[in-house]
Each structure stands twice: as C-alpha cells, then as structure tokens.
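Participant: Structure provided below as structure tokens; questions to follow.
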Amino acid sequence: MKQLSFQFYLLITLINLSVFMNADITIDGNGNTLELSSSGILKVGAGKTLTLKNLTLKKLSAERIIMINGTSKLKLDNARIILDDAYSFSQGSIEILNNSVIEGEFTFTFSGHNLFIDKNSTLEIGKNTTFVCTPTGGIINPIYFEDETSSLFLNNATFKNHNLDNQGNYLGLIFTNGNFVVDGTSYLENAGTTTDQGVMLGVGPTSYGDCKLEIKPNAKLIIQNAALIYNNSGTKSLNMSGNSGNIETQNDANFVLATNSISLASFNFLSSSAINMTGINTLNINNKTLNIEAPTISGQTGIGNLASISLLDSENYTAGGAIFSLSVSPDGGYIAVGGNSPTNGNELQVYQFDGASLTLLTNAQADYGTQIRSIEWSPDGKYIAIGGLLPTNDNEVQVYQFDGASLTLLTNAQVDYAIGSNTVYSVDWSPDGRYLAIGGTGAASSYDVQVYQFNGSSLTLTNTQADYGTGGPRTINWSPDGKYIAAGGTGATDSLEVQVYQFDESSLTVLTNAQVDYGSNAYSVNWSPDSKYLAVGGFGPTNGNEIQIYEFDGASLTLLTNAQANYGSEIHSVNWSADGKYLAAGGSGPTNDNEIQIYEFDGTSLTLLTNAQANYGNVTHSVNWFPNGKYLAAGGFVPSNNNELQVFSISFDANSSKLSSNNGTISLQQSTKLETINLSIN
C-alpha cells in the first residue's frame, strides 16, 4: 500500500492550491502551523487516509478538507484544528490518536459514519465550539471509544446530537467503553425531545461497557432537550469532582438513571424538570452526599429489562426455498434479504420497515442466479455486499449501491472468488466501510479468507489474506474496533474451527492463542459491540454447548464457563444487540422447540429469557437486531406461517426504583416530590 510522509519545520506553512491525495499521506508539522488560504483545499481520495500529525491547522472552513467518499479517512495525531467558519465533515471516517483538539467559535458537523478514538487518546472540543453529530445512515454508536483510556472532552463547548434515520426521525446515541469529560460550562443538546432520542452512557448491567462521566471541579454540564441517560454500573463511573461538579437540565430535558444498581459519589443535580430513575433497582448514597434541586424524582417511567418478544409482521419470500441471510440497515429502516428459489425470481430483495410493517421495494431487487448465502449492509447504509453460489455472471461476490429506493450493481465491485460450484459463505464490512472481508470454499487462490479494499466504486484485493483450512470458513465477522477478523467453519487447520486474525491494513495474522477447537462446525461468530467478547454458534460442539461466549483480551480467547448454552442441535446465527446486553440465536432442532431464542449477558454468564423465544417452524438461518433494540428480524426455511421473513417486536419491563442512604446525606430542595420511588434511610 502506497504511503507518503511530508514534514515541515517552518512556523507557518501556507497551502494556497487544491491538492488531491490519491495515496495515504502523513503531514508531520513537528509542532508548527499549517494554514489553509482561501484557495487551499485538501482532497482525500477514495480508500485513502490523510494524517495530520504534530501540527496546528488554521483557517479550516467549508470545502477546505474534502473526503471524496465514505471510504476516505482523516486521522488526527496530536493535531489542533482551528475553525475559521462552519465546517462539515460530510462523509468518511475520522480517527483520533493521542490528544487532538477542534476549536474556534464555529460549528464542526460530523456527518461521516465512524469517529474512532484510540486508546490513550482524547478528542477535545474547545471553547465556544459546537460539535454536531449527525452520522450517515442514522448509526446509534458512531463514536467508538477503544477502551477506558479513550475520551471525548467538552471544554466550555457544545455537543449536539442530531442523529436522524432515513425517514427523518430523531435517534439517540450510545457511548460505551471510554470517558465523557466536561469542563467549564458545557452543553449537551439533543435535537429530539423524548428520552430515547438522547445520549446514553454505558449499556449496563455490568461495568464492562461503561462510558464514564467526569464533571471537572466547578464545571457544569447543561442538558437541553431529550435526555442524558446514565446506564453505567461501575462504582467509579461518575466523577463529580467531590461536591463541586454540577449537572443541570433545561427545556424539559431529563437526567435518567437507567441501570440496575448505582452507587454514586457526591452528586449535584440542578433542574427545572425531573430526574428519572428508570428501571433502576437501587440508587445507593452510602457515606456520600446527594444534592437534588428539582421538582420531581420519578421512577418506573422508562425501559427496564427485556421481557418478551412477539411477531409483528412477516412476508413470504419463497415457495420451497429459504432465506439464508438477512441484514438490517444501520438506521433500521430497511432489511436486505438473500436466499434461494424466491417466488419472484429475485434472490436479493430489500424491504422497507416503518416500525409496524414491511414493504418490498419494487426497484430494490436483483436476480443473483442460484443462491445467496451472505448479505451485509455497509456501515453508512449506502451499499449492500452479497456472496453466494453459482451466480449468473460468475461473480460470487457483488456490491450494490442503494439510494433508498433502488439498487445498482457496481460493475467493478464484483469478485470471481470460487472455482466451479463452490460458495462464498460470508461477507463482512470493516467498521469504517473501507474493506470487505470474504470467506468461503474452493477459492481460486490458495487463500480462503480474503480482504478487499473498497473505494466506493470498486473492490481491489489486498495482501491481507489467510488460509483457514481445507473446509473453508462459513462465517466471517469484523470486530467493531476494526482490528480483528473472526472466522468460523469446518475442516480448519489443526481442527481449530474458530480463528481470530489481527488486521493492520497491510497484513492478516492469525493469533496463536485466539484459536478454538469448537467441535464439528462453527457456523456463526459475532463480536460484542465493545470487541471484548466473541459469541460462537454451530453444530457438534466438543463440550455439548452449541452457544459459547469467549472473552478476548487482544491476544487470546477464554471460554466463559457460565456463558454457554445447550441449544439442542444446530445454531446457524448468533447476533448481539447494539448495547451488548442480549444475544439472539437462531437454528434448528432446539430442545424446547423454539428456534429463536434471546439470552441476557451480564459479562460473565448467559441466561435464557423464558418469554423471549419463538417457534419459527423448521430452521432459522439468520437473526439480526435492529439498531434501536426494539425489533429483531429472522429468516429461514419452512416457517410455521409460510412467511420466511419475520420481524418481532421487543417488550421491556420497568423495575421498581429505590433511593437508599446509609450514613449519607440526601438534600432535596424546592419541595421535591418523590414519585414511585422507595426511599430507604439508615
């Protein structure tokens, strides 16, 4: 891969011309300043990365740095960007390394699809600067914190959540793993007005997905509209700087406590509206101080734990065939479906979903040939990749562009992968949409795991390939942090059916201690949203448990003893919910006759939810959560109601809330009322 690096040592270097970068380029300022003149433009080519390192970039404004398409990337490494006017990052992705700053009394609008904050790194939004988050495709977790050392820092700044789906409906955002830090007087402003259209920190019920909230000394976070939903579980996940940090709500906004049990340090809450304890079991104020200046503290008003599922809508796909794979779009507005023997002759079909019913899009269908085995939306929702068996045009892998109503096959984004009647069983996009991983049997080359670079119009085979074994992989899944690819199948080298490869954009390396002898066939692997756990499902497991959860530390896989389940016969699909709290599984021959099952995961154990199961019929080949966690899509073979495509609605309960103090101080001002709250003072 071509990479160029430029260094400059002048105090100020002016760029006064348009520069098109069709290679990966690093500009290292060595602590100096790079200034864009009125005619200075930096354009980053498709599939390329511009790295700004050790510099201050001045006078950034509209059309000064342009990403050509969604596969272009801007990397900020110890860089400071000073806005000269409003700027919109309209597509592509951003990566933050070390400590980088965006500042200037203007608005920086992020409309790309991923913003990665690496470990030991911070993105600071500076004084009087507004950062607007309106990601492409309505992704609910566009900001990825690599681990607990990754931070988003508001320094007298404003963060606006303006997330929208393709129908123009407001959506919420979820922050996990890192830190949300506030200094000075900073604002969290939501475009939506309901609680679920706010920003959620953490996913509960354990601390593994916590996004810690830190309010610096004498600082204040003001929440405007909707809510800030505190869903962390760790005892150190809220730092109010002793008794000097403050949270305030305005415009009927809410600060929502939404995890099972919280033990808080000193906490100040100022509001003209309510503090809501939604689904919380206990708020413990032990030897601490809770100061609340609000008219109401209410409970039992929001979403609790997943309680049940029920069939919402379904559609007939085939007469005698099956749906082998389905994928929900990033905004939850569409379902792409692939299989064999469709009634209308089109193996690829896209359905629109409005929250209540499914509608087949007439112009979003395609005749693949014989059989589609894998289908996947790109992270920005603009493309659909498919893989299968015996396509009409001999290209097992095909990428289609989707405009919300119709599909267009990209001529140069096709791959003739297999020899003869062999199969591509799995395709999966990298989180930034710049790469497509492929796995199957009978590869024309000696490598059955292949990675292609995608630039928005074509696929190019990279040097990142691997030999899985004679049987070939049946499933491929990219970790959400973009650093690893998990593969599962049969006939693997050394009988290690589950394998994890490290990906660094130039090589694919199997991790020796991240390989597992599953048994006969590992049909499905799926990473948790925080990349810390790998779910595996298949047939003929050595230990008798078809569903297995492994903890991953970046080098090795460790089976969690209490996070296994004996399903019955075969698992064809496992899929995590967006918050990592639940795992959906689909297969055939279950012990309890329910092919669709949902399990709750608490970081160490897996529990089958009795009322969150469904009898599909014969075989469930694919299950996929909607991003908002309110629906689950399923597809398979010989369903009980003759409709292969099914969408289930998810119901949640609301737990009783309790405010508890043991040798602590609870200060309630302005005649605060307690509504549906159990108060315990010892």
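Participant: Residues of the stretch 507-607: accessible area per residue at 1.4 Å, in Å²? Mind showing how you got there, number by number?
Facilitator: Values: 3200 Å² over 101 residues.
So the stretch 507-607 comes to 32 Å² accessible per residue, rounded to a whole number.
Participant: While we're on this one: Under 19 Å Cα to Cα from Lys160, which aspartates and glutamates show up? Leave out anything in the same chain fewer than 8 places away.
Facilitator: Counting by Cα, and skipping residues close in sequence, Lys160 has these aspartates and glutamates nearby: Asp85, Glu103, Glu105, Glu124, Asp183, Glu189, Asp196, Glu214, Glu248, Asp252, Asp331.
Participant: For the pairs Lys73/Lys127; Lys53/Lys382; Lys43/Lys73; Lys59/Lys216; Lys48/Lys532, note any where the Cα-Cα span goes beyond 19 Å.
Facilitator: Working: Lys73/Lys127 26 Å; Lys53/Lys382 31 Å; Lys43/Lys73 11 Å; Lys59/Lys216 30 Å; Lys48/Lys532 28 Å.
Flagged as over cut-off: Lys73/Lys127; Lys53/Lys382; Lys59/Lys216; Lys48/Lys532.
Participant: Using a 1.4 Å probe over the heavy atoms of the protein chains, calculate the carbon and sulfur portion of the accessible area of the stretch 449-574 as a whole percent.
Facilitator: Values: 1660 of 4180 Å².
Carbon and sulfur atoms account for 40 percent of the accessible area of the stretch 449-574.
Participant: Relative to the present Cα-Cα distance, how much length would full extension add between Leu461 and Ser556 at 0.36 nm per residue of separation?
Facilitator: On the way: separation 95, 0.36 × 95 = 34.20 nm, distance 2.78 nm.
The span from Leu461 to Ser556 would gain 31.4 nm if fully extended.
Participant: Report the dimensions of the stretch 42-102 along its three principal axes from the alpha-carbon atoms, largest first, rounded to Å.
Facilitator: Computed over the stretch 42-102, the largest-to-smallest principal extents equal 25, 25, 14 Å.
Participant: What dipole magnitude, in Debye to the nearest 20, does the stretch 12-84 give about its Cα centre under +1 on Lys/Arg Cβ and -1 on Asp/Glu Cβ? Don't jump to the answer; show the numbers that get you there.
Facilitator: Values: 9 positive and 6 negative charges, 19 e Å.
With only Lys, Arg, Asp and Glu charged at Cβ, the dipole is about 100 debye.
Participant: Additional query: So what is the accessible area of the stretch 290-444 per residue, in Å², with the probe set to 1.4 Å?
Facilitator: On the way: 4870 Å² over 155 residues.
Normalised by residue count, the accessible surface of the stretch 290-444 is 31 Å².
Participant: Something else about it: How much FRET efficiency would the formula 1/(1 + (r/R0)^6) give for Leu409 and Thr185, where r is the Cβ-Cβ distance and R0 is 56 Å, rounded to 0.05? Intermediate results must be reported in sequence, preceding the final value.
Facilitator: On the way: r = 52 Å, r/R0 = 0.93.
The calculated FRET efficiency here is 0.60.
Participant: For Ser38 and Thr107, what does the FRET efficiency come to when R0 = 25 Å and r is the distance between their Cβ atoms, rounded to the nearest 0.05? Please report the intermediate quantities before stating the final value.
Facilitator: Numbers: r = 20 Å, r/R0 = 0.78.
After rounding, the FRET efficiency stands at 0.80.
Participant: So if R0 is 51 Å, what FRET efficiency would Ser605 and Ala62 give, r being the distance between their Cβ atoms, rounded to the nearest 0.05?
Facilitator: 0.50
Participant: Still on this structure, I have one more. Given the C-alpha atoms of the stretch 300-405, compute the convex hull and give its volume per residue in Å³.
Facilitator: Values: hull volume 13.2 nm³, N = 106.
Normalising the Cα hull of the stretch 300-405 by residue number yields 125 Å³.
Participant: Taking the Cα centre as origin and putting +1 on Lys and Arg beta-carbons and -1 on Asp and Glu beta-carbons, what dipole magnitude results for the stretch 332-405, to the nearest 20 debye? Let's see the in-between values first.
Facilitator: Values: 2 positive and 8 negative charges, 20 e Å.
Using Cβ point charges on Lys, Arg, Asp and Glu, the stretch 332-405 gives about 100 debye.
The values are calculated or read from the model by the stated rules, or taken from the named source; none is laboratory data. These numbers come from a predicted model, not from an experiment. Using ideal geometry, Cβ is built from the backbone for each residue, glycine included, and neighbour counts are taken over all protein chains shown. In case anyone asks, the SASA skips ligands and DNA or RNA and just uses the protein heavy atoms, side chains included. Shrake-Rupley method; radii C 1.70, N 1.55, O 1.52, S 1.80 Å.
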